[in-house]
1. Give region B:38-75 a look and list any residue that's of a type in the set (S, T, Y), surrounded by 15 or more Cβ atoms within 10 Å (Cβ to Cβ) and over 12 Å from B:C17 (Cα atoms), or say none.
2. Would you pick out the residues in region A:231-284 that are among the hydrophobic types (A, V, I, L, M, F, W, C), closer than 22 Å to B:A228 by Cβ and part of a helix (DSSP H, G or I)?
3. Please tell me if A:G288 is assigned to a helix (DSSP H, G or I) and within 14 Å of chain B (Cβ to nearest Cβ).
4. Pick from A:D171, A:D182: which is at pLDDT 95 or above, in contact with a Lys or Arg (Cβ under 8 Å, 6 or more places away or on another chain) and within 14 Å of another protein chain (Cβ to nearest Cβ)?
5. Working only within region B:1-45, note down all residues that are in a helix (DSSP H, G or I), within 21 Å of the chain's Cα centre (by Cα) and of a type outside the set (S, T, Y).
6. Return a yes/no flag: does region A:264-275 have any residue that is in contact with a strand residue (DSSP E or B) (Cβ under 8 Å, 6 or more places away or on another chain), more than 13 Å from chain B (Cβ to nearest Cβ) and surrounded by 17 or more Cβ atoms within 10 Å (Cβ to Cβ).
7. Of all the residues that make up region A:206-248, how many are away from every other protein chain (no Cβ under 14 Å) and either surrounded by 17 or more Cβ atoms within 10 Å (Cβ to Cβ) or aliphatic (A, V, I, L, M) (or both)?
8. Hey, could you check region A:117-139 for residues that are within 14 Å of chain B (Cβ to nearest Cβ) and open to solvent by 10 Å² or more (accessible area, probe 1.4 Å) and say which is nearest to A:A63 (Cα to Cα)?
Number of protein chains: 2
Amino acid sequence: MSQVFGGIEAGGTKFVCMVGDGPEGVVNEIRFPTAHPDKTIKKAVDFFQPYARSGELAAVGVAAFGPVDLNLASPTYGFITTTPKPEWSQVDLQPRLRRALSLPIAFDTDVNAAAFGEQYWVEENRSLDPLIYMTVGTGIGVGVVANGRPLHGLVHPEAGHMAIPHDKQRDPFPGVCPYHGDCLEGLASGPAMAQRWGQSAETLPGDHPAWELEAEYIALALANLICALSPQRIVLGGGVGQHPGLLENVRSGVQRQLNGYIHSAWIFENIAAYIVPPALGSRSGVLGAIALAIDLRQSI
Amino acid sequence: MSQVFGGIEAGGTKFVCMVGDGPEGVVNEIRFPTAHPDKTIKKAVDFFQPYARSGELAAVGVAAFGPVDLNLASPTYGFITTTPKPEWSQVDLQPRLRRALSLPIAFDTDVNAAAFGEQYWVEENRSLDPLIYMTVGTGIGVGVVANGRPLHGLVHPEAGHMAIPHDKQRDPFPGVCPYHGDCLEGLASGPAMAQRWGQSAETLPGDHPAWELEAEYIALALANLICALSPQRIVLGGGVGQHPGLLENVRSGVQRQLNGYIHSAWIFENIAAYIVPPALGSRSGVLGAIALAIDLRQSI
């Protein structure tokens, strides 16, 4: 009997659950809206239970919205911690799955898992390190793989909350972040765009000035991340991040912002291969969760 | 015969050379001003040569001002690259030392070496990872150790050139960075302070408003680095960085800036142990270079 692995992308709006052994070996997949934790976690358990009972399922990985507790020594390891999302604050997601399935459960942020998945499954990314994954959508999150491992450290990266220059004359919008107002997420997330322009990002036409401003904010943030982390590749995902034409403007904005200071042909000549869309499309998170499960199984 | 190691802190204004096997085992040490590369490198070689000839010296580490080429596969590995410092651009520092001393020569940025030294030699830092070292002086540099290794990636961290919010009404000073104007280094380095206030940082009295502004800029940058890298400890060094009273204001500025978002007792309750002065004092760089030499020797 061959082994398979489980992946859960536990998002704030939907859960994606997958059984398989990689991008080319998906055995089963479901997605459902994120509702009350009891109901939502039960749905995920019910999906995996047959594979667990048959003995095929070796481990499950979880790519969770956050903030989360990744400290293995903490009594709240594997919890979603202080999310403002109703009913999901302090939910013991990983421990519940472990108890229900009696399997090893790997656990990380959605964006760390996506970064790990893009490095693990994409041949040409294997040697690129650090690799960072930024999602721009309902929120802005950044995952980092450094020396082949998802970066945790004190908590985990929260680069959506970096402070960036904000020219209030050009853009008087005060930002939507309840903690920081005009941090990156406050200025450039989907909800920030919707509130600034009075219509949702999806309905803003491609030639609307919103997109130029959006590209500039993302470029400022990526230039800062290049200065801080010196990544060898940046993957830009998320609903807003994948808006047609945005990526090109982000790339030229990064070049403008760095202004020749970081001496690398990847930035000067080859930026289209340096800042890239997700090779795994919308599956970076859930396939990253499967990669985390495989990695955990191998470490036991 | 016992083995010793060499360390060189190759700074833009002075070289520090040391022979020993750690903070408690310094055998010899000299310092001299950074002059023409030929003369300066010869002085360093002359200092180490007797220990090399006797067979005691096992390896030398170099902590260099930059930018530097750390790519082992590059034909200019070990070079100081595009520094504006007269005569030092494209200088083959590591290859020259290797040829002159016929020894393994480890090579990294001054700040990566300082971060590595603080983690390697300071007992309580050993398990703190990532650990970052920021120097604020003539320039602003940031070194990062992640998973026990100095972070290189694309080039090496250059977080002195991050863009930070700049309230031009409060501080109309345009910044001194030739590449970015008002990036962090442009606003908060020693030369920026000197030009903004018309006197050198050392001569500015402790109650001058310069120091409040300085603490705010450094706090903004550290809050961004906390969001990007999630460090478990931050070491703040450099001539400006160690100005009496500055560190306290930086700590409270970081707490204000993060505003409760990063949930960690290190930030809420214990920030005095989270953002700290260098445990190795002014020797983080040169002792870090010795640690790099030991590490290289062990890897061969």
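The values are calculated or read from the model by the stated rules, or taken from the named source; none is laboratory data. As the structure is a prediction and not an experimental result, all values here were calculated from the model. Note that we place each Cβ from the backbone using ideal geometry, even for glycine, and neighbour counts take in every protein chain shown. Protein only, heavy atoms only, side chains kept; ligands, DNA and RNA dropped before computing areas. Shrake-Rupley method; radii C 1.70, N 1.55, O 1.52, S 1.80 Å.
1. Result: B:Y51, single match.
2. Residues satisfying the conditions are A:L246, A:L247, A:V250, A:V254, A:L258, A:W266, A:I267, A:I271.
3. So A:G288 fails the test.
4. Every option except A:D171 fails the conditions.
5. Result: B:P37, B:I41, B:A44.
6. no
7. Number of matching residues: 15.
8. Per the stated criteria, the residue is A:Y133.
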